[in-house]
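Visitor: What follows is a single structure, and I will ask about it in a moment.
The values are calculated or read from the model by the stated rules, or taken from the named source; none is laboratory data. None of the values given here were measured: they were computed from a predicted structure. Positions of Cβ are backbone-derived with ideal geometry, glycine not excepted, and every protein chain shown enters the neighbour counts.
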Amino acid sequence: MPATLGDLPFLPAGTTLPPLPYLLVVLLSAGTVAVALRRRPPAVASAHVLALVPWIALGSVLHVLYVVGGLPDVLAPFGGSPTVYLTVATLAGATWIVVEAVSAAAERVPPLLAATGTLLAVPAVTVAVAGGVSGPGGYWSAVAVVGAVPIAALVRGALGRIEPGVAVTGGVGALAVYGHALDGLSTALGVTQLGFGERSPLSRIILELDGIPAAPVVGEGWLFLLVKLAVASAVVYLFVPYVREEPSEGLLLLGFVAAVGLGPAVHNLLLFTLTA
């Protein structure tokens, strides 16, 4: 039986640890891949980090399948949060090692890494939607995906005017802003239009503040969206010298920041589409 940790302070509801055998497998596998990556660090550029987007989506899809009971019993413990994200990160890291080892040309690594993640994510999404989708959930998910584009573009443009050096973060910086814009907007729409709650205690505090005037469509959730955008913008701004001086490390860490926004956003979108 998984150990529930969601009642601990500051942890999202539904946070669990898998049974001990599963936990040992995940930790040993992750440790082995981490050691291999440290001994022979792969080349890291913006394209490599962006190639991890399908893997981020895969982790979110697998967790949704876990929530709705769509994973086989033998695999279900790997789908809990946060285990699923470590599991997928390990798979992505192992794939990166293999792809770089077998690729004759360095420029082929990002597309092969992205293609492998996509080949795994597409069947998972297919399984998830096979049981039917929600019309309202699908509609508001689409609104979030489309609506986050101009919001992120405006914020990214404003950042560029404030600090032209953010251009060094390239597509990874843009992804970080978009991922958090999508997370903030999808959460606001889920709460206001679909009646969903927020699992993270800190996010719930922001969403449940008294005296916040409602805005059209997003209700009181506009404040949560604003906070997400402010935090993402500040991080991208602060990462400029880091990416400039240590591009490999800086881009990887900025990619992690992007994943922290994009992963929950994809989770929101699919969960709304399936269950609203």
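Visitor: When you look at residue 59, is it outside the structural domain of residue 261 (by TED's automatic domain parsing) and crowded, with 17+ Cβ neighbours inside 10 Å, yes or no?
Guide: yes
Visitor: OK, next. Mind checking which residues of the range 28-65 are hydroxyl-bearing (Ser, Thr, Tyr) and in contact with a Pro (Cβ under 9 Å, 6 or more places away or on another chain)? Quick ask: steps written out before the conclusion?
Guide: Step one: of the range 28-65, the residues hydroxyl-bearing (Ser, Thr, Tyr) are 29, 32, 46, 60.
Residues satisfying the conditions are 46, 60.
Visitor: With respect to the numbered conditions (1) without any contact (Cβ under 8 Å) to a residue 40 or more places away in the chain; (2) over 22 Å from residue 45 (Cβ atoms); (3) assigned to a helix (DSSP H, G or I), which one is the sole condition not fulfilled by residue 198?
Guide: All conditions are met except number (3).
Visitor: Return the pairs, sorted by first residue and then second, in which the second residue is of a type in the set (A, V, I, L, M, F, W, C) and in a helix (DSSP H, G or I), the first residue lies in the range 173-192 and is free of Cβ contacts under 8 Å to residues at least 24 places away in the same chain and in the same structural domain as residue 230 (by TED's automatic domain parsing), the beta carbons are less than 8 Å apart, and the residues are 6+ apart or on different chains.
Guide: Listed by first residue and then by second, the contacts come to 174/152.
Visitor: I'd like the full set of residues that are in contact with a Pro (Cβ under 9 Å, 6 or more places away or on another chain) and either at pLDDT 95 or above or crowded, with 16+ Cβ neighbours inside 10 Å (or both), limited to the range 229-263. Please lay out each step first, then the result.
Guide: From the range 229-263, those in contact with a Pro (Cβ under 9 Å, 6 or more places away or on another chain) are 248, 250; that's our starting set.
250, the sole residue that qualifies.
Visitor: Within the bounds of the range 175-195, is there any residue that is charged (D, E, K, R) and part of a helix (DSSP H, G or I)?
Guide: Within the range 175-195 (the criterion being charged (D, E, K, R) and part of a helix (DSSP H, G or I)), the answer is yes, since at least one residue qualifies.
Visitor: Continuing with this model, one more query. Quick test of your reading of the structure: residue 82 fulfils all but one of (1) closer than 23 Å to residue 251 by Cα; (2) at pLDDT 95 or above; (3) of a type outside the set (Gly, Ala, Ser). Name the failing condition by number.
Guide: It fails just one condition, (2).
Visitor: Working only within the range 74-104, note down all residues that are more than 16 Å from the chain's Cα centre (by Cα) and within 18 Å of residue 125 (Cα to Cα).
Guide: Scanning the range 74-104 gives 75, 76, 78.
Visitor: Identify all residues within the range 116-134 that are part of a helix (DSSP H, G or I) and either in contact (Cβ under 8 Å) with a residue 12 or more places away in the chain or of a type outside the set (A, V, I, L, M) (or both); write none if there are none.
Guide: Residues satisfying the conditions are 116, 117, 118, 120, 121, 123, 124, 125, 126, 127, 128, 129.
Visitor: Among the residues of the range 105-132, which ones are among the small types (Gly, Ala, Ser), within 19 Å of residue 66 (Cα to Cα) and surrounded by fewer than 19 Cβ atoms within 10 Å (Cβ to Cβ)?
Guide: Within the range 105-132, 130, 131, 132 meet the criteria.
Visitor: Using the structure shown, decide if residue 226 is at pLDDT 95 or above, in the same structural domain as residue 148 (by TED's automatic domain parsing) and assigned to a helix (DSSP H, G or I).
Guide: Considered against the rule, which asks whether it is at pLDDT 95 or above, in the same structural domain as residue 148 (by TED's automatic domain parsing) and assigned to a helix (DSSP H, G or I), residue 226 comes out as yes.
Visitor: With respect to residue 169, is the statement that it is buried (at least 24 other Cβ atoms within 10 Å of the Cβ) and either among the acidic types (Asp, Glu) or more than 24 Å from residue 134 (Cα to Cα) (or both) true?
Guide: yes
Visitor: Let me ask something else about it. Determine, yes or no, whether residue 197 is surrounded by fewer than 18 Cβ atoms within 10 Å (Cβ to Cβ) and either within 18 Å of residue 262 (Cα to Cα) or among the small types (Gly, Ala, Ser) (or both).
Guide: Values: surrounded by fewer than 18 Cβ atoms within 10 Å (Cβ to Cβ): yes; either within 18 Å of residue 262 (Cα to Cα) or among the small types (Gly, Ala, Ser) (or both): yes.
Spelling it out, residue 197 is indeed surrounded by fewer than 18 Cβ atoms within 10 Å (Cβ to Cβ) and either within 18 Å of residue 262 (Cα to Cα) or among the small types (Gly, Ala, Ser) (or both).
Visitor: Here's a follow-up. For residue 152, state whether it is at pLDDT 95 or above and assigned by TED's automatic domain parsing to the domain that holds residue 229.
Guide: Taking the combined requirement at face value, the residue satisfies it.
Visitor: Restricting to the range 234-250, count the residues that are closer than 28 Å to residue 64 by Cβ and either among the acidic types (Asp, Glu) or in contact (Cβ under 8 Å) with a residue 60 or more places away in the chain (or both). Break it down stepwise before answering.
Guide: Keep residues of the range 234-250 that are closer than 28 Å to residue 64 by Cβ, which gives 235-236.
Those left that are additionally either among the acidic types (Asp, Glu) or in contact (Cβ under 8 Å) with a residue 60 or more places away in the chain (or both): 236.
The total comes to 1.
Visitor: If you take the residues in the range 201-215 that are assigned to a loop (DSSP other than H, G, I, E, B) and not charged (D, E, K, R), which one is farthest from residue 233 (Cα to Cα)? Walk me through how you get there before you give the answer.
Guide: The initial filter retains those residues of the range 201-215 that are assigned to a loop (DSSP other than H, G, I, E, B), namely 208-214.
Right, trim to not charged (D, E, K, R) and you get 209, 211-214.
On the way: 209: 23, 211: 26, 212: 23, 213: 24, 214: 24 Å.
Among those that are assigned to a loop (DSSP other than H, G, I, E, B) and not charged (D, E, K, R), it is 211.
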